[in-house]
Amino acid sequence: MTIDISTIAVEQLTPEQAKQELARLAADIVNHDQSYYQNDAPTVSDADYDALRRRNQDIEARFPDLVRADSPSEKIGVAVTSGFAKVNHAVPMLSLGNAFNAEDVHDFFGRVRRFLGLKDDEQIDVVAEPKIDGLSISLRYENGEFVLAATRGDGREGENVTDNVATMHEISKTIAAAVPDVLEVRGEVYLGHDAFQAINEQRERDDEARFANPRNAAAGSLRQLDSAITAQRPLQMFAYAWGEISDPVAETQWEFLQALKRWGFPVNPLARICTSAEDAVAYHQEISELRSDLDYDIDGIVYKVNRIDWQQRLGFVSRAPRWAIAHKFPAEKAQTVLKEITIQVGRTGALTPVANLVPVTVGGVVVSRATLHNTDEIARKDIREGDSVVIQRAGDVIPQIVEVITEKRPADSKPFVFPDHCPECGSLAVREPDEAVVRCTGGLICPAQKLERLKHFVSRQAFDIDGLGGKHIDAFQAEGLIDTPGDIFRLHDKHEQLRQREGWGDKSVDNLIASIELRRTIPLERLIFALGIRQVGQATGRQLALHYGTLAAWISEMQQATDERQANPDETKKPELVGEAFTRLCDIDGIGISMADDIVQFIGQPQNLAVIDDLSAALNVEDAVQPDTSASKISGKVVVFTGSLETISRAEAKATAEALGAKVTGSVSKKTDYVVIGTDPGSKATKAKDLGIPVLSEEEWQALINS
Ligand code: IVH
């Protein structure tokens, strides 16, 4: 029997298992993101999704060297949908890491203490305040005048909602006090419970669908194309952070909140300074008791390190600041009956079981589906059709099944038998050794895989064709307008058929064709990512493009690697024993044998090559350009820190080096460019000297990076 690595505790994973697990998590999370953001059809509960991200984060923390180039921790959130102009955030709008219990909060304080190298008795003050369940917004003021409001979007690029925000009474259009010339105030827009009720009652009278919860109602109101409608919705805001700012205004988070108040922004009156982890946990408890009396929804408490100089030193780990954390409230639970387990087929053929539930309200939201992850999850919890189950919904939208109430199980119930054939195409479904997922082997023969691949192809990180989203792909495929990616670039031949679609006309067809034409020229990295090769995310797409330069070079190398692999299918450790092209592939940063195998398997399928051939004739693929690394002296260099550093912690040193484009590794080899030594450096320094690698003191290192 094969072991299911996904059930092994993080502390017990071997490095090899950790590597596989990170690969699985990256692929799973991308799939979930896709169903959630692109297809508006989540396949996993938020709690389960959080759990996946958390496991990924924990494994990365334990095995920092195994962090993948396409790690999900590098990505932020919701992609922008069209309808509003796009706005680039000069300072990204990030998300927050989560804490679920007191221990996590203590760990957070511990991490901050270690990172900053603080003594055990040095006090760490944090500002604690409720985490509002609304939408984040960034308000830009120039010379005290309100000029722009943008949603978070994916964190880097949001939507321009200035006209709508301008209708909000709580937001000053002019700040009377003296403020920095450029000031971006960030906060959360929300709807109060009374307002939410009133809106829903009105919607019922107007025969419109009710909003599921205040947050959805607030989102719907803020993203109205008609500001007159927004004006009728009493949106409110709490301000809590800054984005771009031309002059610093405070030394602490707390002082910043006081400044916001003076300038006339609403600041949450429950915000408070906590002086320790215990104090923070007590505040969390206190607010959780108040929660049901508040007029707005909150889903936890946010703690932010008070000293801004410390915040700056702590910096960010791609998705979230190290200096802040969200301490969530426990999930809400409810009981219902599982009617049926159905199987969904994803882009890479993964069969995902979905629980169809008798609809039930959990925390104000009606829930009728939950994902069951995989066959092991079903077996472990012994989940069966007809069972009464306890479901839980943490924070956001969809729930997970936490437990089966076996006493209520019908007498004739049978264990669920996972299909051994794909329900969509009938191909054999197999589970690879050490993998948790069962996959359909049909490839492009499977209509479900074909469709999901097309959706991936047009997704935001891939071809990102305006006006051609997942729903259009569904419809166009059903209507026989497209079958393969290349067909998209032949849609101009179908003008007549498109024009006759319901609700369409010449203008909509012209717009679509124009946005397709805009994408006919595409960077190689996007094309590689768009192909939907298992495990190949955006970052790997970029690596491959940079490494091979042109589409022709990439394909010919991949074909050679494929031939080599087919001749040597059994080697699992040493790429050199497989062949030269295969080794070159595995040598690329972030690509190991398992990913290389997925790539050669993909290239080895004639239908996939046919898709690529077809595309290369239709597209103008831009060669990859090597980035300019001249800016930082250590960009692209491999650095090892050893010994105990005096002036900064190891974590901070690593973070700074990485921010300047260096790669930090744990052991010295011929590939190492610099070894930086603290006190008691030990054998790594000796090895560096033996290999003739420059050894730097801390001061020399500082001089190098500051030069
Ligand atoms: S601070 C860089 N404070 O939670 C830190 N965020 O899960 C910025 N949120 O995107 C976030 N209430 O939209 C902060 N009091 C609060 C918040 C809060 C709600 C949201 C915010 C953020 C998300 C992260």
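Some notes on this structure:
- So Gly158, is it under 23 Å from Tyr296 (Cα atoms) and either within 16 Å of the ligand (Cβ to nearest atom) or over 24 Å from the mean Cα position of the chain (by Cα) (or both): no
- Some residue of the stretch 688-703 being farther than 17 Å from Gly636 by Cα, modelled with pLDDT under 85 and surrounded by fewer than 17 Cβ atoms within 10 Å (Cβ to Cβ): no
- Test for Ser82: is it surrounded by fewer than 19 Cβ atoms within 10 Å (Cβ to Cβ), more than 16 Å from the ligand (Cβ to nearest atom) and modelled with pLDDT under 90: yes
- Remark: pairs (first residue in the stretch 533-557, polar (S, T, N, Q); second residue crowded, with 22+ Cβ neighbours inside 10 Å and outside any helix (DSSP H, G or I); Cβ separation under 6 Å; 6+ apart in sequence or on different chains) = Thr540/Asp70.
- Qualifying residue in the stretch 255-277 (condition: more than 16 Å from the ligand (Cβ to nearest atom), among the polar types (S, T, N, Q) and out of contact with any Leu (no Cβ under 8 Å at 6 or more places or on another chain)): yes
- The residues in the stretch 531-554 that are hydrophobic (A, V, I, L, M, F, W, C), within 29 Å of the chain's Cα centre (by Cα) and not in a loop (DSSP other than H, G, I, E, B) can be counted, and the count is 6.
- Cβ separations smaller than 6 Å between residues 6+ apart or across chains give the following pairs from the stretch 327-338 residues that are assigned to a strand (DSSP E or B) to residues that are of a type in the set (Ser, Thr, Tyr): Val337/Ser388.
- Listing of helices (runs of 4 or more DSSP H) fully contained in the stretch 398-495 that carry 2 or more residues being buried (at least 17 other Cβ atoms within 10 Å of the Cβ) and touching a Lys or Arg at 6+ places or on another chain (Cβ under 8 Å): 447-458, 470-478
- Within the stretch 169-194, residues that are within 25 Å of Thr230 (Cα to Cα) and polar (S, T, N, Q) sit with their Cβ atoms under 6 Å from residues that are more than 16 Å from the ligand (Cβ to nearest atom) and assigned to a strand (DSSP E or B), at 6+ positions apart or across chains, in these pairs: Thr174/Glu145.
The rows are residues; the columns are (1) farther than 22 Å from Ser6 by Cβ; (2) of a type in the set (Ser, Thr, Tyr); (3) under 26 Å from the mean Cα position of the chain (by Cα).
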{"position": "Gln400", "(1), (2), (3)": "no, no, yes"}
{"position": "Glu403", "(1), (2), (3)": "no, no, no"}
{"position": "Pro419", "(1), (2), (3)": "no, no, no"}
{"position": "Gly426", "(1), (2), (3)": "yes, no, no"}
{"position": "Pro433", "(1), (2), (3)": "no, no, no"}
{"position": "Arg439", "(1), (2), (3)": "no, no, yes"}
{"position": "Ile445", "(1), (2), (3)": "yes, no, no"}
{"position": "Leu451", "(1), (2), (3)": "yes, no, yes"}
{"position": "Val458", "(1), (2), (3)": "yes, no, yes"}
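- Residues of the stretch 205-253 that are free of Cβ contacts under 8 Å to residues at least 60 places away in the same chain, assigned to a helix (DSSP H, G or I) and within 16 Å of the ligand (Cβ to nearest atom): Asn216 alone.
- Complete set of residues in the stretch 171-204 that are within 16 Å of the ligand (Cβ to nearest atom) and of a type in the set (Asp, Glu): Glu184, Glu188
- Here the stretch 350-375 is the region considered, the condition is being buried (at least 17 other Cβ atoms within 10 Å of the Cβ) and not in a strand (DSSP E or B), and the residue that is modelled with the lowest pLDDT is Gly363.
- Residue match in the stretch 435-449 (condition: at pLDDT 90 or above and over 30 Å from Lys19 (Cα atoms)): yes
- Out of Asn56, Asn39, Asn88, sole residue that is touching a helix residue (DSSP H, G or I) at 6+ places or on another chain (Cβ under 7 Å), modelled with pLDDT of 85 or more and within 30 Å of Glu188 (Cα to Cα): Asn56
- Considering each residue of the stretch 304-320 in turn, none proves to be more than 19 Å from Arg113 (Cβ to Cβ), within 11 Å of the ligand (Cβ to nearest atom) and among the hydrophobic types (A, V, I, L, M, F, W, C).
- Annotation note: of Ser427, Ser368, the sole residue that is touching a strand residue (DSSP E or B) at 6+ places or on another chain (Cβ under 7 Å), of a type in the set (Gly, Ala, Ser) and more than 30 Å from Lys131 (Cβ to Cβ) is Ser427.
The values are calculated or read from the model by the stated rules, or taken from the named source; none is laboratory data. Predicted model only: the values in this text are computed from it and were never measured. When we count neighbours, we look across all protein chains shown, and the Cβ atoms used for this are built from the backbone with ideal geometry, even at glycine.
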